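Structure first, then comments.
Bear in mind these aren't lab numbers, they're just calculated from the coordinates by the rules spelled out. Predicted, not measured: the structure shown is a model, and the values here were computed from it. Cβ: placed from backbone, ideal geometry, glycine included. Neighbour counts: every protein chain shown.
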Amino acid sequence: GAGVSQSPSNKVTEKGKDVELRCDPISGHTALYWYRQRLGQGLEFLIYFQGNSAPDKSGLPSDRFSAERTGESVSTLTIQRTQQEDSAVYLCASSLVDSNGIQYFGAGTRLSVL
Amino acid sequence: DQQVKQNSPSLSVQEGRISILNCDYTNSMFDYFLWYKKYPAEGPTFLISISSIKDKNEDGRFTVFLNKSAKHLSLHIVPSQPGDSAVYFCAASASGTYKYIFGTGTRLKVLA
């Protein structure tokens with residue numbers, strides 16, 4: 001399909017392991033967001049990419065979290081030395097720059113850290 | 001500090017009646033607001049938006065009202081349908097920014 005694709009849809013890992021989450025945005029969308037949604041909480045902004053500009057990493061909760069995006073394509077969110085409090089759904093969204101704020105979300109990756 | 005609040009975690013409404021979902025914000029710089037709908041195992045999808053230059057925006061069965069003085073917005077769905085059963089998030093941003101602050105969501109259940 002032509003929507004935002006995230007993989008894996010579910011990930012179970014052991015505390016201390018590293019995980020990598022992938023996001024394929026809609027083709028042509030220059031903006032890409034990562035959010036985290038903990039149980040019973042709203043969407044928490046993590047990081048924003050816009051074209052080739054420096055990303056806004058202000059939402060990353062610790063230095064264990066990092067994200068990359070090559071140009072206007074795939075993005076990966078990496079969590080090193082996972083902790084139980086990292087358990088959440090990680091959502092990716094993409095948009096056109098001039099989109100009146102409308103973001104298109106993937107279905108998310110549900111991460112469970114045991 | 002939760003800048004966007006949806007104080008009702010859940011709401012049940014009979015089919016055909018009006019559903020009213022509420023959202024409050026604290027940051028007076030916010031001037032653009034969106035509502036998203038989320039079904040289980042899917043990502044949120046855009047529903048309707050409103051700019052602070054308006055106090056109402058309507059799209060079919062969905063109307064969003066903005067009360068700037070009260071820092072309050074509401075989403076009205078009328079008539080409600082079982083397919084409207086979902087979690088609804090409001091989001092807010094300030095002009096010139098790309099960051100959107102989301103509320104915690106309200107789970108709407110429309111009873112047939």
| query | Cα to Cα, under 25 Å, and not fewer than 8 places away if on the same chain: which lysines meet these conditions relative to B:LYS68? | reply | B:LYS5, B:LYS37, B:LYS54, B:LYS56, B:LYS99
| Cysteines in the protein assembly as shown that, by Cβ-Cβ distance, have no pairing candidate under 4.7 Å | none
| field | Net charge dipole size for the range A:37-114 [Lys, Arg +1 and Asp, Glu -1 on Cβ; Debye, nearest 20] | value | 220 debye
| On average, how many beta carbons from a partner chain sit within 10 Å of the beta carbon of a residue in A:38-45? | 5
| said: Just to be sure I understand the model, the point goes 7 Å from the Cα along the line to the Cβ. What's the resulting A:LYS17 to B:LYS99 distance in nm? | reply: 3.3 nm
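Could you tell me what % of all Cα pairs in chain B have separations over 24 Å? Walk me through the intermediate numbers first.
Values: 1175 of 6216 pairs.
Summing the P(r) of chain B above 24 Å gives 19 percent of all pairs.
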| Alpha-carbon Rg/Rh ratio, for the range B:64-112, with Rh computed the Kirkwood way | 1.05
| Relative contact order (%) - the range A:18-101, alpha-carbon pairs under 8 angstrom, separation at least six | 41 percent
| said: I need two numbers for the protein assembly as shown: Rg to one decimal and Dmax as a whole number, Cα atoms only, in Å. | reply: 17.6, 51
| request: Would you kindly work out the equivalent ellipsoid of chain A from its C-alpha gyration tensor and give its semi-axes, the square roots of five times the eigenvalues, largest first in whole Å? | output: 23, 14, 13
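Given a cut-off of under 8 Å on Cα pairs at least six residues apart, what relative contact order in percent is computed for the range A:52-114?
Details: 67 pairs, mean separation 16.4, N = 63.
Computed value for the range A:52-114: 26 percent relative contact order.
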| message | With the crude spin-label approximation of a point 7 Å out along Cα→Cβ, what separation in nm comes out for B:HIS76 versus A:SER27? | response | 4.3 nm
| field | Peptide B:29-38 - average C-beta neighbours from other chains (10 Å radius) | value | 2
| said: For the pair B:ASN27/A:ARG64, report the inter-label distance in nm, with labels modelled 7 Å from Cα in the Cβ direction. | reply: 2.7 nm
| request: Identify, among A:SER5, A:SER95, A:THR70, the residue whose Cα sits farthest towards the positive end of the charge dipole of chain A, taking +1 on the Cβ of Lys and Arg and -1 on the Cβ of Asp and Glu, with the dipole about the Cα centre. | output: A:SER5
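Which whole-number percentage describes the relative contact order of the range B:17-112, with Cα contacts under 8 Å and a sequence gap of 6 or more?
Details: 201 pairs, mean separation 31.2, N = 96.
Reported relative contact order: 33 percent.
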| 16 Å Cα-Cα reach of B:LYS38 towards lysines, excluding residues that sit fewer than 8 places from it in its own chain | B:LYS109
